[in-house]
């Protein structure tokens, strides 16, 4: 496949403005770029969802103009979307053959299963064709998507942010699948904004920035630093620069905490934890192991069944969220759009979300717009929120800037402790750098920081100590400096290995 | 540009509804120009007609404010009709009791009684059950609305509020609680400037409450995003109850104002439908208190104009109901219209690129 000077202009926006790309047979080619660099627009054009304004896509030596995904599929392009398009109630085989079922009138289930089994053997995608998709893990569902593409005789596979929802183990498995495809001679287009993954799996990398392809480089000669600089267009500090921690008094103590979620499922099953002033405690774990319920319980959004939360000497177990906020707990919730912001409020209304009751934002129950607007404009300047316009609605901002607004609000309240749940989820390198710097700054000011993250890299590079949670219990707490990826990854699966249990 | 659009779209919806209504009238064999002419002259043709229109729109505006509060708080108060009648009943009861009180105090007592009655009718059962056991307010407010109307009917049909020896009706409220009309002309339209003043004050209060106070900020936060509201430390249950109380309070106020300003007693009938029309008023106004004035006047004009239209051109007044239905339809379509425009633009760009 070859893409020549492809352009897609929307009214007022040049989403793609000169994309050039050559995909060779049997190579894994990564497309790397920040959010908003134009990766998804490019994908949509290749897949027939959008028509290019100008330029050309050549596939198998011929210029192609796909007017719909159906035509793209027919030509042999297989796409695995970030969010799967599967029907949970159907089996693997039924999902794979959907739209092109064997059998004339009656659906031939046996034939479908047979064909799917053959495919899975050919491409080494081990899966049970008769399993229900609803029962499969995210990693296996992704395999079903890949099988779907091959069932439709794909000659090229496009993976759009394929690791976004995977655990580290599942990512490993996906990578071995990709290597298998490469061995079969199937070219793979791998779209991502994660540097380490691109470096590991691809043969060549094309970097996109602001709708243009900046450069295509051989992965062998590339380093994280060179790629990050290409992506952002300037020098990026990749490693978090931080001095040694100087932990002080404990600020937060959690004793034997049990928490149920809204579905009455017990998610936290007896957690003991201590966070000190001036340290970043990373809470690592695979999604769904109770880490976010624990964070919610500390912030007061979930009521614990049992146990005790001591904050700065006070037993806050029964306190309301508002009282905890007032006492000095800041919280960056996991889901910024669902919990952290009111999307149709403007930035002023969002900035005062946690302190609207207090002076200077309110006097006698009346909101002081001027004071609130001035404060918001100050935060916008300090945290470089773009566009710098306090009257914009939160929904009009990019994910990174939404996160900046939340962080600015929480950090500027001058809290004693910050709980940051997935603070950089879905953000690009430039934005992550800024947010990490803020977390380290808070720590250096003597605040306690509890970092809850599914990104192992983030936990490893920021934490002074790492607590690993599995199935609602803390498996182990290890010093951050010595921790390795493998060690933490193993603990995340719940196996303690031979490391000692050190619950504080 | 956004705010301009929020005015133009509901207006466009109304214009479209009027055009389609006109086609309908023509199809039925009437002359749309005379029909609409009679509608407009009925609504605005003379001083008295304008007065009638304002009189008809006042309850719609005040109930509409209550609906706007509930919508902005993310709640569907469908039972404003019952809250209106409960408010009216309470105001009338206080109106023919306590006759020894000075007039202004007696008047205030009636109004406050109506407001409290409406607030409790919406707040106690629908509000508390919504907050604590999660029963849906559409069902509960609706059911309470029937109960309220039937209760009011019982009270004057053989119940304790029936005036002895008359058709089902309550005694008239004391003379000094009735809003003064000031001039002969206003009296013909039953339009009291006191009622107008109350409606204007109510609009200002609701606007201030929603946009300038922490109370309104919390209501709107709960309405837009309950999870963020919890995160902000807002007691979502409490504000659910508060929102329904406030909503019912304005419906009750409307009932009281109507009794003191126009009806002066409860009469059999109870078929005002203010509670339902006010939902459309609030929707058309996009739940904005200032917009409620304009939308309320519009529907007031449809009511008075519709009666005139029936008399002059023989078109049934039910046509105004058809217009109302069309307006609701087009307001609801308002989200669809931009999509249609977008789809049309895309098609055009596609054509031009494939031609090139």
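The values are calculated or read from the model by the stated rules, or taken from the named source; none is laboratory data. Owing to the predicted nature of the structure, the values given are computational and were not obtained by experimental measurement. Every residue, glycine among them, receives a Cβ derived from its backbone with ideal geometry; neighbour counts consider all protein chains shown.
Restricted to region A:1-14, and to residues there that are at pLDDT 75 or above and in contact with a helix residue (DSSP H, G or I) (Cβ under 9 Å, 6 or more places away or on another chain), the residue that is farthest from residue A:204 (Cα to Cα) is A:8.
As for region B:230-253, it holds no residue that is within 8 Å of chain A (Cβ to nearest Cβ), touching a residue at least 60 places away in the same chain (Cβ under 8 Å) and in contact with a helix residue (DSSP H, G or I) (Cβ under 9 Å, 6 or more places away or on another chain).
Each row is one residue, and each column tells you yes or no for (1) over 19 Å from the mean Cα position of the chain (by Cα); (2) surrounded by fewer than 18 Cβ atoms within 10 Å (Cβ to Cβ).
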site: B:6; (1), (2): yes, yes
site: B:27; (1), (2): yes, yes
site: B:37; (1), (2): yes, yes
site: B:42; (1), (2): yes, no
site: B:48; (1), (2): yes, yes
site: B:53; (1), (2): no, no
site: B:58; (1), (2): no, no
site: B:61; (1), (2): no, no
site: B:66; (1), (2): no, no
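Considering the conditions (1) in contact with a helix residue (DSSP H, G or I) (Cβ under 6 Å, 6 or more places away or on another chain); (2) within 19 Å of residue B:66 (Cβ to Cβ), residue B:173 is excluded by exactly one of them, (2). Counting only residues that are within 15 Å of residue A:2 (Cβ to Cβ) and within 14 Å of another protein chain (Cβ to nearest Cβ), region A:36-55 holds 3 of them.
Take residue B:171 and tell me if it is on the phi < 0 side of the Ramachandran plot, out of contact with any strand residue (DSSP E or B) (no Cβ under 6 Å at 6 or more places or on another chain) and part of a loop (DSSP other than H, G, I, E, B). Spelling it out, residue B:171 is indeed on the phi < 0 side of the Ramachandran plot, out of contact with any strand residue (DSSP E or B) (no Cβ under 6 Å at 6 or more places or on another chain) and part of a loop (DSSP other than H, G, I, E, B). When you scan region A:199-206, do you find a residue that is modelled with pLDDT of 85 or more and part of a loop (DSSP other than H, G, I, E, B), even just one? Within region A:199-206, one or more residues are modelled with pLDDT of 85 or more and part of a loop (DSSP other than H, G, I, E, B).
The single condition among (1) buried (at least 19 other Cβ atoms within 10 Å of the Cβ); (2) in contact (Cβ under 8 Å) with a residue 60 or more places away in the chain; (3) under 26 Å from residue A:298 (Cα atoms) that residue A:254 does not meet is (2).
Could you tell me which numbered condition residue A:346 fails, if it satisfies all but one of (1) touching a strand residue (DSSP E or B) at 6+ places or on another chain (Cβ under 7 Å); (2) under 30 Å from residue A:292 (Cβ atoms); (3) within 10 Å of chain B (Cβ to nearest Cβ)? Single failed check for residue A:346: (3).
Taken over region A:302-325, residues that are surrounded by fewer than 19 Cβ atoms within 10 Å (Cβ to Cβ) and facing another protein chain (nearest Cβ under 10 Å) amount to 3. With the requirement that a residue be buried (at least 24 other Cβ atoms within 10 Å of the Cβ) and under 12 Å from the mean Cα position of the chain (by Cα), what does region B:76-96 give you? Of everything in region B:76-96, those that are buried (at least 24 other Cβ atoms within 10 Å of the Cβ) and under 12 Å from the mean Cα position of the chain (by Cα) turn out to be B:77, B:79, B:80, B:81, B:83, B:84. Can you name every residue in region A:326-338 that is facing chain B (nearest Cβ under 10 Å), closer than 17 Å to residue B:233 by Cβ and surrounded by fewer than 24 Cβ atoms within 10 Å (Cβ to Cβ)? Within region A:326-338, A:326, A:338 meet the criteria. Taken over region A:56-79, the criterion of being crowded, with 19+ Cβ neighbours inside 10 Å and either in a loop (DSSP other than H, G, I, E, B) or within 14 Å of chain B (Cβ to nearest Cβ) (or both) is satisfied by A:57, A:66.
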